[in-house]
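Q: Submitted below is the structure of interest, expressed as structure tokens.
The values are calculated or read from the model by the stated rules, or taken from the named source; none is laboratory data. Because the structure is predicted, anything quoted here is derived from the model rather than measured. In this analysis, Cβ positions are derived from the backbone assuming ideal geometry, glycine residues included, and neighbour counts consider all displayed protein chains. Surface areas here come from the heavy atoms of the whole protein model, side chains and all, with no ligands, DNA or RNA. Shrake-Rupley method; radii C 1.70, N 1.55, O 1.52, S 1.80 Å.
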Amino acid sequence: MITSAEQDYIEDHAYVPEHIPHYVTAISQTEPFLFEDFLTYFKKDHLIFVGYPLRESFDERKMMSSLDDVINRLKPEEVALTAPSISYSIAGCDRTLSDHYYRLDLAGLSISQKLRNMLNRAGREVHVEKNKNFDEEHRKMVNEFMNTHPIEEATRFIFERIHEYLSSSSSAWIFDARNKGGNLVAFDVAEFWPRHYALYMFNFTSEELYIPGASDLLLSEVIQLAKAEGKKYINLGLGINPGVIFFKKKWGGILFLPYTFCLYKPSKLETLDTLFQKL
């Protein structure tokens, strides 16, 4: 359970999606806890440990010590760990993933003329609406994406529960791009709960009704709202693939933090002392 004071502390220092309790709990049906400077989520025998400290600089030894303490207390059968680095990932993980978060500095944002032209062109063909209504149009677009793209099972699990997340959040918004006929051609979901960050959570586009620049127009609206709310940065999310990386870089997104994921059973791993003898 997170207290009101802890909630305020997390809000002040959150900078990655895993720091958003209402997002993670809606998706995973877990309960959040703040342990030292780390957020954790627990349900039955499953522990989610967020190895991105809220305020302190990242120290893998300290993270591992905190994780070890949490495991000894809660005794989970399975642990999902995300962190900037995980030294033992090859040794004991049932599933691994590595990537990088990208970040946009709003104070230093500069849009190229080529991008401005793209925005102007898209603006003549679509208009953007901001709302909280995740309906059948949105579900259909998400399902089409899942049916036409190779995605990890964990990602599919999240996509199938976007509605649950949005229903639990008062600070997340849907940005719809609609053509002149009122048809949905693309949409974004962005989260504005953290004090200093907006989070670019999801982007989906219609292949059938694709309009060049529609996603750019959506991101520009996210940026405008982030600025209006006094945010300093937008966490643009993970790189995922070269096309997504290109999109984020053309907006000025730069490498922010490494991302590693490890799913493991604690009984399969060596003790903490033995692990760090090998570092």
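Q: Rounded to the nearest 5, what % of the DSSP beta bridges within the chain are antiparallel ones? Walk me through the intermediate numbers first.
A: Numbers: 47 of 55 bridges.
Bridges in the chain are about 85 percent antiparallel.
Q: Gain in length, ARG116 to LYS43, computed as 0.36 nm per residue apart minus the alpha-carbon separation, to one decimal in nm? It would help to have the intermediate numbers written out before the result.
A: Working: separation 73, 0.36 × 73 = 26.28 nm, distance 4.68 nm.
Additional length available on full extension: 21.6 nm.
Q: I've got another one for you. Which value results for Rg/Rh of the chain when Rg is the Cα radius of gyration and Rh the Kirkwood radius based on the inverse mean 1/r?
A: On the way: Rg = 19.6 Å, Rh = 19.9 Å.
The Rg/Rh ratio comes out at 0.98.
Q: To continue, here is another question. For GLU136 and HIS149, calculate 0.36 nm times their separation in residues minus their Cα-Cα distance, and state this gained length in nm to one decimal. It would help to have the intermediate numbers written out before the result.
A: Details: separation 13, 0.36 × 13 = 4.68 nm, distance 1.99 nm.
2.7 nm is the gain from fully extending GLU136 to HIS149.
Q: With every protein chain left in place and a probe of 1.4 Å, what is the accessible surface of THR148, to the nearest 10 Å²?
A: Around 80 Å² of this residue is reachable by solvent.
Q: Just in the range 54-99: which trypsin sites (Lys or Arg not before Pro) are loop by DSSP and have at most 12 other Cβ atoms within 10 Å? Intermediate values should be presented prior to the final figure.
A: On the way: sites: ARG55, ARG61, LYS62, ARG73, ARG95; in loops: ARG55.
Hits after loop and neighbour filter: ARG55.
Q: Net charge near VAL222, counting Lys/Arg +1 and Asp/Glu -1 over other residues with Cβ under 14 Å of its Cβ?
A: Once positives and negatives cancel, what remains is -2.
Q: Okay, moving on. Using the alpha carbon gyration tensor of the range 1-63, what are the three equivalent-ellipsoid semi-axes (square root of 5 times each eigenvalue), largest first, in whole Å? Kindly include the intermediate steps, with their values, before the conclusion.
A: Working: eigenvalues 62, 41, 21 Å².
Equivalent-ellipsoid dimensions as semi-axes: 18, 14, 10 Å.
Q: Here's something else I'd like to know. For LEU115, what charge total do you get from the other residues with a beta carbon under 9 Å from its beta carbon, if Lys and Arg give +1 and Asp and Glu give -1?
A: Numbers: positive: LYS114, ARG116, LYS250; negative: ASP216.
So the surrounding residues net to +2.
Q: If you don't mind, another one. Go through the range 7-114 and name the GluC sites (Glu not before Pro) that are in a DSSP coil and have 13 or fewer other Cβ atoms within 10 Å of their Cβ. Kindly include the intermediate steps, with their values, before the conclusion.
A: Working: sites: GLU11, GLU18, GLU36, GLU56, GLU60, GLU77, GLU78; in loops: GLU36, GLU56, GLU77.
Taking the range 7-114 and a limit of 13 other Cβ atoms within 10 Å, the loop GluC sites (Glu not before Pro) found are GLU56, GLU77.
Q: About the Cα centre of the chain, what is the dipole size in debye to 20, counting +1 per Lys and Arg Cβ and -1 per Asp and Glu Cβ, all else neutral? Walk me through the numbers on the way to the answer.
A: Details: 31 positive and 39 negative charges, 187 e Å.
The dipole magnitude comes to about 900 debye.
Q: What's the center-to-center distance, using Cα atoms, between the range 43-103 and the range 203-254 in Å?
A: One Cα centre to the other: 28 Å.
Q: Out of the DSSP beta bridges found with both residues in the range 41-174, what percent are antiparallel (nearest 5)?
A: Counting only bridges with both partners in the range 41-174, antiparallel ones make up about 45 percent.
Q: Do the sum for the chain: with -39,500 (n - 2.57) for every DSSP H run of n ≥ 4, divided by all residues, what is the mean residue ellipticity at 222 nm, to the nearest 500 deg cm²/dmol?
A: Values: 11 runs with 107 residues, N = 279.
Taking each H run of at least 4 residues, the total per residue is -11000 deg cm²/dmol.
Q: Hey, what's the chain come to in accessible area per residue, 1.4 Å probe, Å²?
A: Values: 13900 Å² over 279 residues.
Per residue, the chain has 50 Å² of solvent-accessible surface.
Q: Ordering SER170, SER65 by accessible area with a probe of 1.4 Å, largest first, what comes out? Don't skip to the answer; put the middle values down first.
A: Working: SER170 105, SER65 50 Å².
Ranked from most to least accessible, the order is SER170, SER65.
Q: Considering the dipole of the chain built from charges on the beta carbon (Lys and Arg +1, Asp and Glu -1) around the Cα centre, which of SER57, CYS262, TRP251 is farthest to its positive end?
A: About the Cα centre, the residue reaching furthest to the positive side is TRP251.
Q: List the GluC sites (Glu not before Pro) in the range 124-218 that DSSP assigns to loop (not H, G, I, E or B) and whose Cβ has at most 16 other Cβ atoms within 10 Å. Which are they?
A: Working: sites: GLU125, GLU129, GLU136, GLU137, GLU144, GLU152, GLU153, GLU160, GLU164, GLU191, GLU207, GLU208; in loops: GLU152, GLU160, GLU207, GLU208.
Answer by residue number: GLU152, GLU160, GLU207, GLU208.
Q: Looking at the chain, which longest stretch skips every one of the chymotrypsin sites (Phe, Trp or Tyr not before Pro) that is in a DSSP loop with at most 15 other Cβ atoms within 10 Å, leaving the sites themselves out? Don't skip to the end; give the middle numbers.
A: Values: sites that count: PHE58, TYR210.
My reading of the result: 59-209 is the longest stretch.
Q: To the nearest 20 Debye, how big is the dipole of the range 130-194 about its Cα centre, given +1 on the beta carbon of each Lys and Arg and -1 on that of each Asp and Glu?
A: 260 debye
Q: Ok, one more. At a probe radius of 1.4 Å, what is the per-residue accessible area of HIS196, in Å² to the nearest 10?
A: The value for HIS196 is about 70 Å².
Q: Given +1 on the Cβ of Lys and Arg, -1 on the Cβ of Asp and Glu, and no further charges, what dipole in debye does the range 140-279 carry about its Cα centre, rounded to the nearest 20?
A: My answer is approximately 400 debye.
Q: Here is a further query. Out of the total accessible area of the range 1-123 (probe 1.4 Å, heavy atoms of protein only), what percent is carbon and sulfur?
A: On the way: 2830 of 6030 Å².
Here it works out to 47 percent.
Q: Taking 0.36 nm per residue of sequence separation and subtracting the Cα-Cα distance, how much length would be gained by fully extending the chain between ILE71 and THR96, in nm to one decimal? Intermediate results must be reported in sequence, preceding the final value.
A: Values: separation 25, 0.36 × 25 = 9.00 nm, distance 1.95 nm.
Result: 7.1 nm gained on full extension.
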